[in-house]
Every structure is written in C-alpha cells, then in structure tokens.
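Have a look at the structure below, then the notes.
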Amino acid sequence: MSKYFLSLIILLSALQATAQRQLPLEEAIATALKNNYDIQLSKNDSAVAALDYSYRNAVFLPRVNGTVGTTWNTSNQRQTLADGSKRQQNGIRSNNINAALNLNWTLFDGMKMFATRDKAAEFIKLGELGIKNQVINTIATVITTYYNIVRQKQLLKAVEEQMSLSQERVKLAQYKLDIGVGAKPDVLQSKVDNNAQKALQLEQQTLIAQLKEQLNQAMNVKDTPPYEVADSIPIQKAISLGDIQNGLLTTNPALLITQKNISIAHLTLKERKAERWPTVSFNSVYNFSRTNNQTVINPFSPLFSQSKGLNYGLTASIPILNNFNNKRQIKQAELDIRNQQLILENQQSQLNLAVVNAFLEYEQQKKALALEEENILLAKENVSIVFQVYKLNSTTLIQLKEAEKSLQDAYTRLITARYNTKVSETELLRLKGDLVK
C-alpha cells in the first residue's frame, strides 16, 4: 500500500512539473513575433508594397487594347435620285464586323515614369521599416510584461516569507500565553497579521494570473497550458548614454520611417514637376472591318465590303493651361516635404529628450537597486535579532511588527527597483532600435 501511495505521489509531482513548465523569455518573444496581430498587419501592408514593387518596370511598357464588335441591321430605305427616279426597299438586312488593336506607348513624360518606379522601391523599404518598428515595440511589450510577472512572483515569494514569520509569531505568542508570560492581544494581533498576509498572497496570485493573460494576448495564444516564468530579472549595468545617442538617427525606426517619407515626398514632387513637360507617345492601330449586305437599292453600293490595315504615328500632348492645377500640386508637394522635415526635427528633439530621461531613470534605479540590495541584508538581520529577543520576552510585539514591516517594505523596494531598472534598460534599447537587429 505504501509503495502504491509513493508511486502516486511521484506521478502527481511529475504531472504538476509538466503542467507548470517554464516559459523562457526568448520563447515568449518568438511566439509574439510569429502570432502578434499588429506585426501581421504590418507584414500585410509591406506585402502590398512588395506587390507594387514587383510590377515597378511595367510603367515603361506600352498599353495595348483590343476591341471587337458586330452589328446586325434591318432597315427600310427610300431614295429619290437626281433624274427623278425613285427606289424603295423594305427589310434590308446587313451585318457589320469591326475589330481593332490599339497600342499606346509613352516615350517621354518629363521623367515622371522614372520617379514613379523609384517610389515603388521606397515604399517597400518603408514597409520593412514599419515591420521593424512594430517588432521592436512588440518585443519591448513582451519583455516588460514578462518581467512584471517575474516581479510579482518575487513579491509573492516575499509575502510567503512574511507569512512564515507571521505563523512563527502566532505560535510563539500562543506559547507565551500558554506558559503565562504572554498576552491574549498579542495572539490575536499575530493571527490578524497572518490573515492579512494570506489575503495579500491571494491578491498577488490573482495579479500574476492577470499578467499572464496579458502576456498571452501579446503572444496571441489561447488555451495555453499553465506555465511559470523565470525567477530572476537580469540587468545590463554597462549601458552608457553615449552608446545610445551615437548613430540614433540611423537606428531609431521612427526616425528612419520619417526620413523615408521625406524621400517619397521628393519623388512625388518630381512627378508633379514632370507634368509640366510635353508627353510624347507612339500610337499604332490595326483595324479590321467587314460589311455584308443581303441587298441594296443603289446599284453602286457594294453587297460586300472588307478593309484592314495598320496605322501608326506619334502624338505630343503639350500642357498649356489647366486652371493652374499643376502649379498648385507642385506647391502642395513642396509643402509636404517641408512638413515631413519639421516632423523629423520634432521627432529628433523628442527622442533626444526621451533618451536622456530614460537614461537618468536607468541610472537612478541602478543606484536604488544597489542601495536596496544592501538594505535587505540589514532588514533580514534586524528581524532575526528582534525575533530572538521577542522569544526571550525582552521586547514587545510592536517592535517585532515594525521589524517585519521594515523587511516587507525593503523587499518591495528592492524588487521594484530591479524591475524599474529593467524597464528603463528596455526603453533605452527600444529608443536606440537595438532590441532587434
């Protein structure tokens, strides 16, 4: 019976370990990059630009159109000739077939077709930058959410440690009461504090479950088996402000997107200016026509007629006056370039400020983390000393509670400082564009 019970315990432990597998940060990021809706939408936008780019050289090709038609006629005719004779026929039927093949090839349009082709190439680069920007933002979201779960998990562990202290305090207070050296209020207060810790434990467990749902949403996964996250938060402590600011204009996706918009705006201006030039086209038409009359009332009219032939030539369309639309569109394109340049300058200013603020926060949190790592050791030692003194009935419950509260606050500050340092580090890397290569 004991062997069966032991085997059952081992099996249940194995199942629980399997159910609560650890989810590495790298796997969470990879899953999010694969499934995230915003990234998929960015990829679709880029796919549209890529499709246009694949047909970029079609702008240089001629346009060929074919037409074909047939007509059946039934008519009544009456004619009076110059010599006074008259002819009349009812129900005259005829059939006409027409076909044509038209070719129009633009040979010169002020170089507009070249600007249009180059815009297609710029749009595909813009789409790639949009995907990279969304990928970086998604990675930053996953990292901060993942380590927020780690943070709350560490806080839960701290609460459970406090619970063990509270339980020991309840036992000690009850023991002291039983031997006649304690007080009933100390027992009651210890139980109240222990229950408060239990309530805090439930709150932490609920918060962790909610944050895991947020992480699942970022990864776009549903009905995932239970998982655990890492136990620690790694920190990069060697980031310098110069490393972040160096080459920021060429690494930040938002700035790169605006620069690409400026390039596209310049090409749009080229298109508008090209419309002031004449357009020279080569035109060619191959015509076929056949008419079949069953009867005619005029002896000189043919019963059957057919013609076919090739025509070709050049046409030049010269813009002279179009209600100043072209002039207006050129000015609009120039204003758009200036507007994009102002956006770029504004983004640079805001980005520099964001980098400096994030770095100052990063440095402050590193200092706070170092301080709290030292402070937690002092708080633990203080609780240990006060608890031993309380056992000897040489201190009050209030002093022990204050020591425990100081330890709890120290844990909270330490864990929060570590998480805030990681958030600041992630923000610096996000602004730099270094979260993804």
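The values are calculated or read from the model by the stated rules, or taken from the named source; none is laboratory data. Since the model is a prediction, treat every value here as computed from it, not as a measurement. Neighbour counts are summed over all protein chains in view; Cβ atoms, including those assigned to glycine, are modelled from backbone coordinates with ideal geometry.
Observations, loosely collected:
- Of all the residues in the range 248-273, those that are within 24 Å of the chain's Cα centre (by Cα), farther than 11 Å from Q347 by Cα and among the hydroxyl-bearing types (S, T, Y) number 3.
- Residue within the range 316-324 that is assigned to a strand (DSSP E or B) and not hydroxyl-bearing (S, T, Y) present: yes
- Condition check for K157: over 24 Å from S394 (Cβ atoms) and free of Cβ contacts under 8 Å to residues at least 24 places away in the same chain: yes
- Residue in the range 380-393 that is crowded, with 18+ Cβ neighbours inside 10 Å and under 45 Å from the mean Cα position of the chain (by Cα) present: no
- Scope the range 391-410; condition in contact (Cβ under 8 Å) with a residue 40 or more places away in the chain, assigned to a helix (DSSP H, G or I) and either farther than 16 Å from D193 by Cβ or among the aliphatic types (A, V, I, L, M) (or both); matching residues: K391, L397, L400, L407
- When V135, V64, V68 are checked against the criterion of being part of a helix (DSSP H, G or I) and either under 52 Å from the mean Cα position of the chain (by Cα) or under 30 Å from N36 (Cβ atoms) (or both), V135 stands alone in meeting it.
- G110 out of contact with any Pro (no Cβ under 7 Å at 6 or more places or on another chain) and at positive phi: yes
- Filter result (more than 23 Å from W105 (Cβ to Cβ) and surrounded by 12 or more Cβ atoms within 10 Å (Cβ to Cβ)) within the range 48-68: V48, A49, A50
- Set L41, L11, L33: member being in a helix (DSSP H, G or I) and modelled with pLDDT under 75: L11
- Among the criteria (1) in a helix (DSSP H, G or I); (2) closer than 20 Å to L107 by Cβ; (3) not aliphatic (A, V, I, L, M), the one S281 does not fulfil is (1).
- When residues in the range 28-46 are screened for being of a type in the set (G, A, S) and free of Cβ contacts under 8 Å to residues at least 24 places away in the same chain, 1 of them pass.
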